[in-house]
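What follows is a short report on a single structure.
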Amino acid sequence: MTAPTKPQAQYLKDYKAPNFLIEHTELTFDLQPLTTRVTALLTLQRADNNNTPLVLDGIDLRLVSLSVGGAAITDYQIVGEQLIINNLPEQCQLSIVTEISPQTNTSLEGLYLSGGAYCTQCEAQGFRKITYYMDRPDVLATFDVTIIADKKYPQLLSNGNQVDSGETQDGRHFVKWQDPFKKPSYLFALVAGDFDVLKDTYTTKSGRDVELALFVDKGNLSKTPHAIASLKKAMQWDEERFNLEYDLDIYMIVAVDFFNMGAMENKGLNVFNSKCVLANQETATDKDYHTIESIVGHEYFHNWTGNRVTCRDWFQLSLKEGLTVFRDQEFSSDIGSRALNRIDAVKVMRTHQFSEDAGPMAHPIRPEKVIEMNNFYTVTVYDKGAEVIRMMHTLLGEESFQKGMDLYFERHDGQAVTCDDFVSAMSDASGVDLQQFKRWYSQSGTPRLNVEQSFDNDTNTYSLIIKQCAPSNQPENKPLHIPFAIELLDANGQSIELEYKGEKQDHVLNVTSKIQTFSFDNIATKPVAVLLEDFSAPCILTQQTTQTELLHIMRFARSDFSRWDAQQQLFIKAVKSQISDASNSALSADIINALRVLISTKEGDLALIAELLKIPSFDTLAAEFDVIPVDEIIKVTHTFEQQIADELSDEFVNCYNSLQDDGSVSASAVANRALKQLCLHYLAKTQKTEAITFINEAANSNNMTNVLSALSAAVKALNPIQHTLLSHFDSQWRHDVLVMDKWFALQAMQSGNDAIDNIKALYEHPCFDFSNPNRVRALVGSFSHFNTAQFHRADGKGYELLGDLLIKLNAINPQNASRMLTPFMSWKRYDDARSQAMKQQLQRLADLDGLSDDLYEKVEKALA
Ligand code: TRP
Ligand code: ZN
């Protein structure tokens, strides 16, 4: 045996156009669990003038035969994961027969068996586990696919339209599909199984009828209406807001239990993680409903942003993902609460994305070096990518942005393009210069904005001095073009018209240099400034704002997002001041009173009020420190929560009693439940007799949002009632693994010192399964992300639990292992003892025989 070779990196700068085109691809699958035969017939056209070899990608394939026009090919080599064929003519039909084993494929990439059904996952580079191919997104072909299988798999699905079906001589059956749209291999999909189907139809605005079909495991039909309703909303929204219509006669979604991510946008045949599809009121929470709606939308929106126009290479991933996340965020905001959606998006940025950007995996939204592509489906590419699109939207305005989209499709429909092509369309259509703005694509790290304010009483002039500093891990970064939105409030909370020397000024400031001053005059008294309104750029803002000013913003800002943001700042300030000086032991009366007003008057969106009453998460607070003071943050947040619970307990009881829950999924019912949940969370920490009554009532309701809010309140408050509730839940829901995931997640939150043993015991629970990513994430993912005290135990036992798991997952499913590794990536941000203990786990992985490329790339960067 040869020594394992070090994984090879790919670089953006090395991009070369393909030397062959595949104009048409015909695939025949003869499905068998251990030996599936795949016949590929590729219509090839040479694209260069030299007699270069054809290089095809392939992993874990048994090559059966290779021929051109019936004649076997002999002039070829297999080198590592490539098949190299020499001396092919200008044009030919290449036939490749290979065999694969879906049943033993636990990586959930390529073709695999999932709970009795065959399914595929090809993005990013899984197609090469199915057959030899030019497995790169800039090779676009039409596909004909024939699936042959036993009749115990009645439904045989692939992309496009069904054109033929029938029986084979040996009593099996087949179906043939044709996809008229050229596509790269990563959008290929095949599913074979025995499903229940919910069918529906949608008529596009130009009057074409589209058949909709949602395939789920037998018995799950009652959980399908929400996903289908979401799909129809998405189709209509994309017509109205982006003028984009669906293009095939059928749109299919299949739900599978074993899936590495949320869902996949394969042309005409989306494959979904069942947890992102299935919902009814008994089994899914309001949050699940929202997630499903947004993911169904996301995958649908990819049909244009991703499929009709795709990526030239994988470094351009944000071209489709950043843009599609932006589109799904807008979808959710247009049909629901814009403020709450913005709050959710910004939480993701400030916690996960900022920490990724400050850590060893920091990369620009368009990465330049990649070892394992699966490692780059990140919050940076997706969520910061969406923020970059959003900034262009802010700079251009909706109308010009839509013109840019029109031009983008006019130029690039049917092509594989780059992020530069997208920005060019935006700037050409609008006339806005985006040259400097493009640095957002190539620079990583979070820019810091330092803002100083001054007010001149004599001239009634107010000035903002804005400094942008490169992030400390990227000192070479050049200044970015930052759209910096502001609002100035007067003493009565009124918004001040912005003007300077008689000219009206826009509320979005164009920050482009290292230091810039912006002035506004005709202002009577020193205003209160709302800065970076709506989080208009993904930056860290430092400003000297007083508690009084923050309370003013919280009351009067026109942006509900900024009101919440001020509230977060108030809490953050309080936490920090207590950590630096323990004699500051409580939240001020002003803050408590502001909360009291919110909960008693209940003015406006109740879901927003619930958000305004929440203490920032551990991750949000941790982001404020260079070395994360784990124990102190836990202690202070605990004290503050207890104070709010005690001082406002009567208000929480009254509020809870006043809220009517009609059990529906209307926006108002959802908001009601959100606020009830908030009340319960605090009440569970008090001695109020109502607490137990409310918890029991909610726990026994037939609405999963209420049930979970009761259980989670009891668990987090260490209320003894939790044990009865948890064991009841287990016996009630064992038949439904998706519901049991909620139970596993609650179990993972146990704060006693037996938490680790408890988790190890749950590995033996009949519902637990190491090969199912949903189970693993529900139990161990929740533990490592949310059970801060136990995960970061001083004795390192929490880290050891995760280290053991990663070693196990490395052999089963490297992609999932790599995602589960994330908490270790920020090991340098903890105190010595903790960081050494985390490092030790990383070192264990580095020393492992057979370490996957996925883990290698991250471990190596973490330890560098
Ligand atoms: N393109 C998918 C999406 O964002 C992401 C995805 C689904 C994926 N499955 C994957 C990415 C597997 C990598 C590997 O909608
Ligand atoms: Zn996507």
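Below are the figures for this structure:
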read-out: Selection status of residue 170, in a strand (DSSP E or B) and either more than 16 Å from ligand 1 (Cβ to nearest atom) or more than 30 Å from residue 773 (Cα to Cα) (or both); value: no
read-out: Residues located in the stretch 272-330, provided they are within 12 Å of ligand 2 (Cβ to nearest atom), basic (Lys, Arg) and in contact (Cβ under 8 Å) with a residue 60 or more places away in the chain; value: 327
read-out: Selection from the stretch 383-393 of residues that are of a type outside the set (A, V, I, L, M) and touching a Phe, Trp or Tyr at 6+ places or on another chain (Cβ under 9 Å); value: 384, 385, 387, 390, 393
read-out: Tally of residues being more than 16 Å from ligand 2 (Cβ to nearest atom), in a helix (DSSP H, G or I) and not basic (Lys, Arg) across the stretch 331-341; value: 6
read-out: The stretch 1-40, residues that are touching a strand residue (DSSP E or B) at 6+ places or on another chain (Cβ under 6 Å), over 25 Å from residue 116 (Cβ atoms) and surrounded by fewer than 15 Cβ atoms within 10 Å (Cβ to Cβ); value: 9, 11
read-out: Test set (1) surrounded by fewer than 22 Cβ atoms within 10 Å (Cβ to Cβ); (2) over 26 Å from residue 111 (Cα atoms) - residue 743 fails condition number; value: (1)
read-out: Checklist (1) farther than 21 Å from residue 138 by Cβ; (2) crowded, with 22+ Cβ neighbours inside 10 Å applied to residue 435, failing item; value: (2)
read-out: Of all residues making up the stretch 771-826, the number that are within 16 Å of ligand 1 (Cβ to nearest atom), more than 18 Å from the chain's Cα centre (by Cα) and closer than 15 Å to residue 844 by Cα; value: 1
read-out: Criterion (under 24 Å from residue 375 (Cα atoms) and of a type in the set (Gly, Ala, Ser)) met by exactly one of 101, 114, 95; value: 114
read-out: Filter result for residue 814 (farther than 18 Å from residue 791 by Cβ, touching a residue at least 24 places away in the same chain (Cβ under 8 Å) and surrounded by 16 or more Cβ atoms within 10 Å (Cβ to Cβ)); value: yes
read-out: Qualifying residues in the stretch 103-135 (those that are assigned to a strand (DSSP E or B) and of a type outside the set (A, V, I, L, M)) - the one farthest from the chain's Cα centre (by Cα); value: 133
read-out: Qualifying residue in the stretch 166-179 (condition: in contact (Cβ under 8 Å) with a residue 40 or more places away in the chain, away from ligand 2 (no atom under 16 Å from the Cβ) and aromatic (Phe, Trp, Tyr)); value: no
read-out: Residue match in the stretch 85-102 (condition: closer than 24 Å to residue 214 by Cα and either over 25 Å from the mean Cα position of the chain (by Cα) or within 16 Å of ligand 1 (Cβ to nearest atom) (or both)); value: yes
read-out: Flag for residue 198 being aliphatic (A, V, I, L, M), assigned to a loop (DSSP other than H, G, I, E, B) and away from ligand 1 (no atom under 16 Å from the Cβ); value: no
read-out: Residue 280 being within 15 Å of ligand 1 (Cβ to nearest atom) and either under 30 Å from residue 38 (Cβ atoms) or surrounded by fewer than 21 Cβ atoms within 10 Å (Cβ to Cβ) (or both); value: no
read-out: First in the stretch 674-693 and under 26 Å from residue 288 (Cα atoms), second anywhere and of a type in the set (Lys, Arg), Cβ under 8 Å, 6 or more apart; value: 675/602; 678/614; 681/716; 684/716
read-out: Residues (more than 33 Å from the chain's Cα centre (by Cα) and at pLDDT below 95) located in the stretch 1-36; value: 1, 2, 3, 4
read-out: Elements of type strands (runs of 3 or more DSSP E) contained in the stretch 1-99, each with 2 or more residues being touching a residue at least 12 places away in the same chain (Cβ under 8 Å); value: 20-30, 36-46, 54-57, 62-68, 82-85
read-out: Subset of the stretch 148-204 that is among the β-branched types (Val, Ile, Thr) and out of contact with any Lys or Arg (no Cβ under 7 Å at 6 or more places or on another chain) - its residue that is nearest to residue 220 (Cα to Cα); value: 197
read-out: Flag for residue 732 being within 20 Å of residue 705 (Cβ to Cβ) and surrounded by fewer than 19 Cβ atoms within 10 Å (Cβ to Cβ); value: yes
read-out: Subset of the stretch 360-402 that is of a type in the set (A, V, I, L, M, F, W, C), within 14 Å of ligand 1 (Cβ to nearest atom) and out of contact with any Lys or Arg (no Cβ under 9 Å at 6 or more places or on another chain) - its residue that is nearest to residue 136 (Cα to Cα); value: 373
read-out: Per-region count, the stretch 283-307, residues within 16 Å of ligand 1 (Cβ to nearest atom), out of contact with any Ser or Thr (no Cβ under 8 Å at 6 or more places or on another chain) and assigned to a helix (DSSP H, G or I); value: 4
read-out: Residue that is farthest from ligand 2 (Cβ to nearest atom), among those in the stretch 246-266 that are closer than 17 Å to residue 307 by Cβ and out of contact with any Phe, Trp or Tyr (no Cβ under 9 Å at 6 or more places or on another chain); value: 249
read-out: Exclusive hit being within 30 Å of residue 860 (Cα to Cα) and either surrounded by 20 or more Cβ atoms within 10 Å (Cβ to Cβ) or of a type outside the set (Gly, Ala, Ser) (or both), set 417, 388; value: 388
read-out: Any hit, the stretch 693-705, residues being over 24 Å from residue 741 (Cα atoms) and aliphatic (A, V, I, L, M); value: no
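The values are calculated or read from the model by the stated rules, or taken from the named source; none is laboratory data. What you are looking at is a predicted structure, and each value in this text was computed from that prediction instead of being measured. Quick reminder, even Gly has a Cβ in these numbers, built from the backbone with ideal geometry, and neighbours come from all protein chains shown.
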